[in-house]
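Working notes, structure below.
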Amino acid sequence: MVRIRDLNWMQLEAFLRGDDRIVLPVGSTEQHAYLSLEIDNILAERASVEAAEPLGIPVLPVLPFGVNGFTAYPGSPTLRESTLVALLSDVVDSLAGQGFARILVVNGHGGNTEAGRVWAQGRADKAVHWHELWEGRPDKIAASIDPDYDHASWSENFPWTRLPEVAIPAERKPPVVWPENGNPAAWREALGDGSFGGLYQRSSEDENRIWDAAVLAIRDRLEDWASPRG
């Protein structure tokens, strides 16, 4: 059991006597065309759990809101960057006060990246590592399979992000022509169904290749992080 929803505080305190690592998934609730509004949350949390399970490292609930430009779509609330940083700071400061000295933030949403990285790198205690879910090997594998991939395309389409009884289009969507006026209403008009373009779905083999790489990258970060106590 690594999800802290499956633990009580006494069990977590016992864990802290021998280890000071914990994982904090971060996502966003926003439109993803025909897929779940919670894709970024689902993927960040699930990948964190699969990566941490063999190591016995606890995983916090995902922070479900982030910085996005999709507010013209129902169910897509956004945070200001300052709000995101304040939220992250409050959570991490609380964890650090409890004895967690190695906190891996696994980010599943690109809109959080810039502010989150600056925040993590600027912390004097160096207790936080910021990890992008798709960066590195997963991104390279996706590009080698089909370079036409992006938001709400096949690269985010997994059994756990699809919705029952929702048909996925079979055709390839042309790349979106981005408007010069980048407000939410203009984004919605340009995006239509919400996908940035490309195929909506590929084979389970392709899905597994990028998913397995993403999970392994998180596990590698956790395993390679030297203990500050040592």
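Work out, in µm²/s and without decimals, the Stokes-Einstein translational diffusion coefficient of region 67-162 at 4 °C, 1.567 mPa s, Rh from Kirkwood over C-alpha pairs. Present the calculation step by step, with values, prior to reporting the outcome.
Details: Rh = 15.4 Å.
Once the numbers are plugged in, D ends up at 84 µm²/s.
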* Dipole-positive endmost among Ala213, Ser203, Ala14 within the chain (Cβ charges, Cα centre) -> Ala14
* Asked: Which percent, nearest 5, of DSSP beta bridges in the chain are antiparallel?
  -> 20
* Write down the accessible area per residue of region 77-203 in Å², having rolled a 1.4 Å probe over the full set of protein chains. => 51
* Going by accessible area, probe 1.4 Å, with all protein chains left in place, what is the ranking of Met1, Met10, largest first? -> Met1, Met10
* Accessible surface of the chain, 1.4 Å probe, proportion on carbon and sulfur as whole % -> 53
* To do: Mind grabbing the accessible area of His151 for me, 1.4 Å probe, Å², rounded to tens?
  => 20
* Structure fact -> GNM of the chain, Cα pairs under 10 angstrom: of Gly111, Gly56, Gly182, the biggest fluctuation goes to Gly182
* To do: Would you grab the residues whose amide H sits under 5 Å from the one on Leu199? Only those 5+ places off in sequence or on another chain, please, with H modelled 1.01 Å from N.
  => Trp154, Lys173
* Taking the C-alpha atoms of region 1-44, convex hull volume expressed per residue in Å³ -> 79
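Just need the Rg to Rh number for the chain, please, alpha carbons only, Kirkwood Rh.
0.98
Could you tell me what % of all Cα pairs in region 133-230 have separations over 24 Å?
Summing the P(r) tail past 24 Å for region 133-230 gives 37 percent.
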* Report P(r) for region 1-124: all Cα-Cα distances, bin width 5 Å, range 0 to the bin holding the largest distance, values in whole percent. => 2, 11, 20, 22, 18, 14, 8, 3, 1, 0
* Structure fact -> Between Val67 and residues 5 or more places away or on another chain, the pairs with built amide H atoms under 5 Å apart involve Leu79, Asn112
* Asked: Considering every pair of different Cα atoms, what Kirkwood radius, in Å, is found for region 43-106?
  -> 13.6
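The values are calculated or read from the model by the stated rules, or taken from the named source; none is laboratory data. All values derive from a computational prediction rather than experimental measurement. Cβ coordinates were reconstructed from backbone atoms using ideal geometry, including for glycine residues, and neighbour counts include every protein chain displayed. What goes into the accessible areas is simple: the full protein's heavy atoms, side chains included, and nothing from ligands, DNA or RNA. Shrake-Rupley method; radii C 1.70, N 1.55, O 1.52, S 1.80 Å.
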